[in-house]
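Structure, as structure tokens:
The values are calculated or read from the model by the stated rules, or taken from the named source; none is laboratory data. These numbers come from a predicted model, not from an experiment. Cβ sites come from the backbone with ideal geometry, for glycine too, and all protein chains shown count toward neighbours.
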Amino acid sequence: MERSEGMTEIDPAALPDDAESTSENLAREEELQALMSAIESLPERCRQVVTLRKIYGLSQKEVAAQLCISEHTVEAQAAIGLRKCIDFFRRHGYGRHFRA
């Protein structure tokens, strides 16, 4: 079989492993779903603070202004939210990733 000019032979070993990519994507999707579930399980104020700080990347000052609360409250709610998320992950089998 003749090759057209400019075509090169492809080494199958150089191609990405679709099975690996698929399993990695599935694992990421499961982790994202677990994170979303953990955040959804938080009390409303914690959920608002964690979402604005960690998902949207707002500063502590920006979150305080947006929610009309003190920066100290933002800091406290973020810490509570983080602890509750860690507890959620432990209860759902992700505990090996976190230290006490």
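Couple of notes before you dig in:
- The single condition among (1) surrounded by fewer than 16 Cβ atoms within 10 Å (Cβ to Cβ); (2) part of a helix (DSSP H, G or I); (3) not acidic (Asp, Glu) that Gly93 does not meet is (2).
- The number of residues in region 59-82 being in contact with a helix residue (DSSP H, G or I) (Cβ under 9 Å, 6 or more places away or on another chain) and not in a helix (DSSP H, G or I) comes to 3.
- The condition of being modelled with pLDDT of 80 or more and out of contact with any Gly (no Cβ under 6 Å at 6 or more places or on another chain) holds for only one of Leu67, Leu42, that being Leu67.
- In region 27-56, residue surrounded by the most Cβ atoms within 10 Å (Cβ to Cβ) [restricted to those that are within 22 Å of Leu67 (Cα to Cα) and of a type in the set (S, T, N, Q)]: Gln48
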